[in-house]
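Down below is the structure, laid out as structure tokens.
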Amino acid sequence: MEIAILGTGCPKCRQTAEVVRQAVEQAGVDATIHKVEDIKEIMKFKVMTTPAVAFDGQVRISGKVPTVDEVKALLAHDGKA
Amino acid sequence: MSEGCEKNPAGGSGPGASCCEGAGPGEVSVTTAGVDPRTTAKYFGSGVLALGIWWLVYQGLFPFAKWFTFSLLTLTPGSHLTSAVQFFVFEAPKILMLLTLVVFAVGVVRSFFTPERARRILAGKRESAGNILAALLGVVTPFCSCSAVPLFIGFVTSGVPLGVTFSFLVSAPMVNEIALVLLYGLFGWKIAAVYAGTGLGIAMISGWVIGRLGMESHVEEWVYAAPAGGDEEGEVLNVSWRDRVHFGLDSVRDIIGKVWPYVLAGIAVGAGIHGYVPENFMAGIMGSGAWWSVPLAVVIGIPMYSNAASIIPVVQALLGKGAALGTVLAFMMSVIGLSLPEMIILRKVLKVRLIVTFAGVVGMGILIVGYLFNVLL
């Protein structure tokens, strides 16, 4: 899975990246995480609020720093689908 | 890390670190299963109980501050130190408790709104009505200055007029619920109403003026070429009350956790002025007699970036010492409504002339409000 962290580099975006990293580690999912900081690139994901997290190009979280458990739940949910 | 910080100056040190202060719960697109009514009742019951305890403690703060100052520290009544200590011991817990309650309530209210929803309501609206609606929605929609750019693009690319978008962008930070209730708690409902009413007025009118100026060509060209953002409505409508309560609690943890040091620092400054600076000391420099005090307050306030919570105690101290209400209000509005970090972020989508116009129009509105109140009161 390819996970994108969308945000222009505010503290919340860095927190989000850290939370996602922990969740991926704990869930033992095979995923690569990369940050998208350029606003033009971010807009391609059609979000209006940052920080946001996208799995394989699909925005799953936007406008808040998720908790590790929330990300794990989303990972489990998307893994089954 | 550092290049990320550069892009958003708000990420630096000082009060600016609370970049997303006031942001709402956000959205997670996981449908929550229905919660049975008994759980809802339990949440409601604990809510009433918590509110009761809150009220009792709140009522006990004044006697406690007196007891603490005179019985425990045995300070003599009437001295500057006594007055400063009593001010701090009473105001600090009072303001923090009020903040907690309000931030929670607003967190719950905001769980009903998302920027996507605001945009859907505003898209295609006519200018004047759109400006009014946008200013009102700006108050209740969770918004963080970090998201100003994607929100701006999301609005203008889906048919929200430029001026209407500005009404939203002005009112969102300017009419701040924290400032509103603190003003109510400290100065009464009249000043709180004046603040909210004039703040909304400035947002509506300055957005309308910017719309009239027809500055669409001063938006960076690539913006209109960008795909319309945020087409998901979000699951706000299906959110259970349990989740809304959690949204409220999350925003309390988030916001209070960040602003409390600034609140305490602000109250300490207030206590210092309260105890030591002579009555009417400020009247000379910030009283209504000095015509240049309002523009000076606005010019100093615009580049400053601070959260509403930490500016209020300073406002209180200034007013208490004879500074004119209009001048202080203008200072406060320009600090929380406009900031250098926000303008630097907006530079990505707006050309310099539009940013200067934006700051100029809003600054002018604040200036008028400041003069108006100095004349009326």
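For the reader, a short list of remarks on this structure follows.
- Options A:LYS64, A:LYS40, A:LYS35; residue that is over 14 Å from the mean Cα position of the chain (by Cα) and within 30 Å of B:PRO341 (Cα to Cα): A:LYS40
- Selection from segment B:122-137 of residues that are within 14 Å of another protein chain (Cβ to nearest Cβ) and part of a helix (DSSP H, G or I): B:LEU122, B:LEU137
- Taken over segment A:71-81, the criterion of being buried (at least 17 other Cβ atoms within 10 Å of the Cβ) and either under 16 Å from A:LYS12 (Cα atoms) or more than 9 Å from every other protein chain (Cβ to nearest Cβ) (or both) is satisfied by A:VAL71, A:LYS72, A:LEU75.
- Residue in segment B:299-312 that is under 17 Å from the mean Cα position of the chain (by Cα) and either free of Cβ contacts under 8 Å to residues at least 24 places away in the same chain or surrounded by fewer than 19 Cβ atoms within 10 Å (Cβ to Cβ) (or both) present: yes
- Test: residue in segment B:195-202 that is in contact with an Asp or Glu (Cβ under 7 Å, 6 or more places away or on another chain) and assigned to a helix (DSSP H, G or I): no
- From the options B:GLY360, B:GLY322, residue that is without any contact (Cβ under 8 Å) to a residue 60 or more places away in the chain and on the phi > 0 side of the Ramachandran plot: B:GLY322
- Residues of segment B:314-328 that are under 19 Å from B:VAL175 (Cβ atoms) and open to solvent by less than 10 Å² (accessible area, probe 1.4 Å): B:VAL315, B:GLY326, B:VAL328.
- Taking segment A:6-17 as the range and being without any contact (Cβ under 8 Å) to a residue 40 or more places away in the chain and among the small types (Gly, Ala, Ser) as the test, the residues that pass are A:GLY9, A:ALA17.
- All positions within segment B:210-224 that are under 15 Å from B:ILE355 (Cβ atoms), open to solvent by 30 Å² or more (accessible area, probe 1.4 Å) and assigned to a helix (DSSP H, G or I): B:GLU216, B:SER217, B:HIS218
- Residue list for segment A:18-68, filter: part of a helix (DSSP H, G or I), crowded, with 18+ Cβ neighbours inside 10 Å and either touching a residue at least 24 places away in the same chain (Cβ under 8 Å) or not aliphatic (A, V, I, L, M) (or both): A:VAL19, A:VAL20, A:ALA23, A:VAL24, A:ILE39, A:ILE42
- Scan of segment B:337-357 for residues that are assigned to a helix (DSSP H, G or I) and more than 18 Å from B:CYS144 (Cβ to Cβ), ordered by number: B:VAL352, B:ARG353, B:LEU354, B:ILE355, B:VAL356, B:THR357
- When residues in segment B:142-160 are screened for being more than 10 Å from chain A (Cβ to nearest Cβ) and crowded, with 24+ Cβ neighbours inside 10 Å, 1 of them pass.
- Considering each residue of segment B:51-72 in turn, none proves to be assigned to a loop (DSSP other than H, G, I, E, B) and not β-branched (Val, Ile, Thr).
The values are calculated or read from the model by the stated rules, or taken from the named source; none is laboratory data. All figures in this text were calculated on a predicted structure; none of them were measured in a lab. Neighbour counts run over all protein chains shown; Cβ positions are idealised from the backbone, glycine included. For the accessible areas, the whole protein counts, side chains as well, though only heavy atoms, and no ligand, DNA or RNA atoms are used. Shrake-Rupley method; radii C 1.70, N 1.55, O 1.52, S 1.80 Å.
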